[in-house]
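Worksheet: the structure to be examined is printed underneath.
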Amino acid sequence: MTSRPKFFDAVNTALIGIISILCILPMLLVLMVSFTDEASIKQFGYQLFPSELSLDAYKLLLFGSTPLYRSYMISIIVTVVGTILAVTITSMAGYTLAAKHIRYRNGLGLFFFITMVFNTGLVPWYLINLNLGMNNTIWALIIPSLVFNPFNLFLVRNYMSQIPPSLTEAAKIDGASDFYIAFRIYFPLCMPVLATITLFYGIAYWNNWFNAIMLVDNEKLYPLQYLLFKLNSEISMIQQMQSSGAILGTQTLPQESVKMATAILTIGPVVLFYPFLQRYFIKGLLIGSLKE
């Protein structure tokens, strides 16, 4: 057995270090700009080491008249409930398509594939949600995105298809039902792919603002992303009116630093949640890359 050349290890380490720094620098720049005074940003642009620090952006977002904490709670509830339901439904559908003893599973798979390629469009989607009475309810933020993503479905189906059928046959001989086989045998063996789609669904729910625009008018139900989007739009509008002279004697609002503070506040939970799923997520990325 030959030892790996030290030169290759040194080059590999240096290359990975450079890539890591290039990945961290934009996030660090966003963090520093969020703490930079607005006048300093206008004079010197974005700086890693700002000449003047300020907490105006965070004061405006956290202690202003905007109900940020309520929207944070709405986003957390929608993300947790929606992700649990979506992962459960997708996993059960994946088991249905992967289990070889279930009839018509190929026809069901073709149905899901067609809906993945061709969808009905925005107008039928809106009318269905409207007729179901979900507008201006918290369910408008959960159920429209609950219909599982066919891509995640086929990801789960392909992973479950690699489980030996002998496990199912042995469980059937012992009298186990499909529900027992799915939850006690298949799902524990599929933790990498389930963790992967959990991350996909969680990020999708956390970043979703489209449902709120289309189906929610009640300010008490605004999710965090939509509220911050509205706040940034209002700040931009006020600054344009100040520039045109329509508003006089009004304090200048921190537009650029608010944008960066918004990014920091919204990515925080995702950054904290990712390390717990990282081990499974890396395994999930390898799904389908190897074939027997």
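Taking the centroid of alpha carbons for each part, segment 1-53 and segment 70-134 are 39 Å apart. With coordinates expressed along the principal axes, the C-alpha atoms belonging to segment 19-160 extend over 68, 44, 26 Å, beginning with the largest.
Segment Val11..Asn131, full-extension length gain: 37.1 nm, with 0.36 nm per residue of separation and the alpha-carbon distance subtracted. Rounded to the nearest whole Hz, the Karplus-based 3J(HN,Hα) values (6.51 cos²θ - 1.76 cosθ + 1.60, θ = phi - 60°) of segment 48-62 follow the sequence 5, 10, x, 6, 9, 8, 7, 10, 4, 5, 6, 5, 5, 6, 8, with x at glycine and proline.
Taking amide H atoms as placed 1.01 Å from N in the peptide plane, the amide H of Thr36 lies under 5 Å from those of Ser54, each 5 or more residues away in sequence or on another chain.
Strictly greater than 16 Å: what percent of every Cα pair in segment 38-78 meets that?
On the way: 441 of 820 pairs.
Percentage above 16 Å: 54.
Working note: Karplus 6.51/-1.76/1.60 with θ = phi - 60° gives segment 188-197 the couplings x, 7, 10, 4, x, 6, 5, 5, 5, 6 Hz, where Gly and Pro are set to x. Between Leu167 and Phe113, the modelled labels are 2.5 nm apart [label points 7 Å from Cα along Cα→Cβ].
The slack in the chain from Asn106 to Met73, taken as 0.36 nm per residue of separation less the alpha-carbon distance, amounts to 7.8 nm.
Over the chain, dividing the summed -39,500 (n - 2.57) contributions of all DSSP H runs of at least 4 residues by the number of residues returns a 222 nm mean residue ellipticity of -22500 deg cm²/dmol. With a Cα cut-off of under 25 Å and a minimum spacing of 8 residues unless on different chains, the lysine pairs in the chain number 13.
Give me the extension gain from Ser236 to Leu53: residue separation times 0.36 nm, minus the current Cα-Cα distance, reported in nm with one decimal. Spell out each step's value before the answer.
Numbers: separation 183, 0.36 × 183 = 65.88 nm, distance 2.17 nm.
That works out to 63.7 nm of additional length.
Accessible surface area normalised per residue over the chain is 61 Å², counting heavy atoms of protein chains with a 1.4 Å rolling probe.
Checking every one of the trypsin sites (Lys or Arg not before Pro) in segment 43-114 against DSSP loop status and a limit of 11 other Cβ atoms within 10 Å picks out Lys100, Arg103.
Computed over all pairs of different Cα atoms, the Kirkwood value for the hydrodynamic radius of the chain is 22.9 Å.
The values are calculated or read from the model by the stated rules, or taken from the named source; none is laboratory data. Bear in mind that the values here come from a model prediction, so they are computed numbers and not experimental data. Note that each Cβ is placed from the backbone with ideal geometry, even for glycine, and that neighbours are counted across all protein chains shown. Accessible surface areas use protein heavy atoms only, side chains included; no ligands, DNA or RNA. Shrake-Rupley method; radii C 1.70, N 1.55, O 1.52, S 1.80 Å.
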